[in-house]
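Below you'll find the structure, written out as structure tokens, and then a few comments.
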Amino acid sequence: MTAVEQPARGGTGSGPVRRPARVPFPVVDEIARHCLQEEEPETVHIEVHLPGRLDPDRLRTAFTEALHRHSRILMRQAPGRWYRRRYEWELTRDPDVEVVGFPPPGPNSLRDARTRALTNAPPLTASPPIRLEVVDEDGRSDGTVLFLTINHTALDGPACLRVLATAAELYGGRDNSPAAPPVRAAGTTA
């Protein structure tokens with residue numbers, strides 16, 4: 001049996017390697033993918049200022065778990081020929097790259113993080129197409145700034161805010177789910 005006839009095996013020897021699930025690009029993603037312009041940023045930039053310092057390992061763990069809870073965010077553009085008619089998202093089990101970064105503190109760290117967020121979009125070819133940078137404020141205060149950068153072709157701001165809220169819930173150990181709306185008592189008249 002040749003290598004062409006023999007299916008590739010996983011590292012565990014349990015069977016053939018499965019191709020990740022694929023989802024076609026929605027029309028909005030297709031348009032965003034084809035209409036990239038140099039003048040317009042392709043990122044969504046969310047900046048969150050927090051009092052105090054964060055534990056790097058605990059934050060990294062909480063954010064990774066939040067990505068797994070919102071598994072649709074773990075995607076990348078599926079490879080294919082340049083002349084294909086449609087693009088597809090490839091869903092992955094785990095992130096391909098380290099999502100949470102801790103750039104070194106400095107006098108211009110906030111400005112540099114804002115510049116990176118607006119000019120360097122996370123690539124669509126690596127899962128997930130988001131990046132979280134944790135920056136210590138300038139030394140004047142004991143605060144931390146979270147810079148969430150999203151490739152706008154893949155995701156929008158509200159979806160990533162939900163992931164960030166889930167990470168905050170996991171980091172803090174409290175439920176951040178929205179409360180149920182109040183219920184009117186039966187028998188009341190207008």
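The values are calculated or read from the model by the stated rules, or taken from the named source; none is laboratory data. Every value quoted in this text rests on a predicted model; they were computed, and no experiment measured them. Cβ coordinates were reconstructed from backbone atoms using ideal geometry, including for glycine residues, and neighbour counts include every protein chain displayed. Note: accessible area is taken over every heavy atom of the protein model, side chains too, but ligands, DNA and RNA are not part of it. Shrake-Rupley method; radii C 1.70, N 1.55, O 1.52, S 1.80 Å.
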statement: Per the list (1) part of a loop (DSSP other than H, G, I, E, B); (2) hydroxyl-bearing (S, T, Y); (3) buried (at least 17 other Cβ atoms within 10 Å of the Cβ), residue check on T125 breaks on (3)
message: I'd like the full set of residues that are among the aromatic types (F, W, Y) and within 12 Å of the chain's Cα centre (by Cα), limited to region 119-175.
response: F147
- line: Of the residues in region 47-87, those that are open to solvent by 60 Å² or more (accessible area, probe 1.4 Å) and among the small types (G, A, S) come to S71
- prompt: Inside region 109-122, can you point out the residues that are of a type outside the set (S, T, Y), open to solvent by 70 Å² or more (accessible area, probe 1.4 Å) and farther than 30 Å from L91 by Cβ?
  reply: R111, R114
query: So which strands (runs of 3 or more DSSP E) stay within region 1-119 end to end and still have 2 or more residues that are modelled with pLDDT under 85?
result: 22-24, 88-91
field: Sole exception among (1) open to solvent by 50 Å² or more (accessible area, probe 1.4 Å); (2) over 15 Å from E47 (Cα atoms) for T153, by number
entry: (1)
